[in-house]
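Trainee: Sharing a structure, written as structure tokens. Questions coming.
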Amino acid sequence: MGRLVEALEKVGYRDGETLFGAPYDFRQAPAAPGKPCRAFSRFRRQLRALVEHASWTNGDQPVVLVSHSQGGYFALEFLNRSPMAWRRRHVKHFVMASTGAGGFVLGLQSLVSVVSDASPMGLAGRSLACKFTSLPCSTATRRWWSRGTRTTGAPDGSRSPGVRGDAIQDDFRAPAVPTTCINGVGVPTTEKLVYWDGDFSQAPEIVYGDGDGVVNSASILALDTVIGEDPRQGYYKSVKIAGTSHDGVVSDGATLERLVSEIPRENFVQASKEEDSRVAQL
């Protein structure tokens, strides 16, 4: 994210004045609505206070939220669990980069494969809540697993019990604030993990498709349905940049310029011609 910060500063944003960071504990994940989650509750309180501070110190104007990858899930849940009146008052635009509505297939491997990472840290990491936020789920595809003798992370088979947590994508909803989604495409991306004969002790056969190298095209295209077709949403734009990787969206020269250019959007704000002066970065 350092390159993104530098790019924003070059166009006039100032750290601590018009540019603010909102760190989060990547090991954690938002619990399902109604379920307790101390870490996410603390994040929500802190981000709400930061947004209100950024707005107040800049003439009570609404802010722009910018997220990348897993930060998009945190930002989206933050918005959806904030009162609608508060969202409309404080958030002018949400720019979500490199996040798909259906997670990504590689998230399955660390949970089901014996050989994915057998180190002490790798084994411990399987229990982290964040492992479940990125799992492929029924938001983008109705099923996860294929029938027969092989078990995959494919979207073309029947659902298998187990190997599943409270994946937040099952509640992936439009934020009901003006939203722009920016994703790379045209990069070989894991589409399926094939474990022949159900043998999870062996490395899987990887079947590749289109995407950004992490999030596949099905998950990216699902944004157009889940967010774009929600009647509550209003303004929605999807930007797909050919030949751009997951991290390249926030680091590669021309692609980074395109992302920065999407931040000060005015065509969805009535009677406003001034450029946005606030960005809360996730």
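Trainee: Can you tell me how the stretch 1-89 classifies by the Cα gyration tensor, rounded, prolate or oblate, using a/c under 1.5 as the rounded cut?
Mentor: Working: a/c = 2.31, a/b = 1.40, b/c = 1.64.
Verdict is oblate for the stretch 1-89.
Trainee: Can you sort MET84, MET96 by how many other beta carbons sit within 10 Å, fewest first? It would help to have the intermediate numbers written out before the result.
Mentor: Working: MET84 12, MET96 25.
The order, fewest Cβ neighbours first, is MET84, MET96.
Trainee: Here's another thing I want to ask about it. Would you mind ranking LEU106, LEU65 by Cβ crowding within 10 Å, fewest neighbours first? Let's see the in-between values first.
Mentor: Numbers: LEU106 19, LEU65 30.
Result, fewest neighbours first: LEU106, LEU65.
Trainee: Would you calculate the separation in nanometres between label points at ARG42 and TYR208, each defined as 7 Å from the Cα along the Cα-to-beta-carbon direction?
Mentor: The two pseudo-label positions are separated by 4.1 nm.
Trainee: Let me ask something additional. When the chain is fully extended, how far beyond the present Cα-Cα distance does ALA32 get from TYR235, taking 0.36 nm per residue of separation?
Mentor: Working: separation 203, 0.36 × 203 = 73.08 nm, distance 2.65 nm.
The ALA32-TYR235 span can extend by a further 70.4 nm.
All of the numbers you see were taken from the coordinates with simple rules; none came from a lab. Keep in mind the model is a prediction, meaning the values are calculated, not measured. Ideal geometry is used to build each Cβ from the backbone, glycine not excepted, and the neighbour counts take in all protein chains shown.
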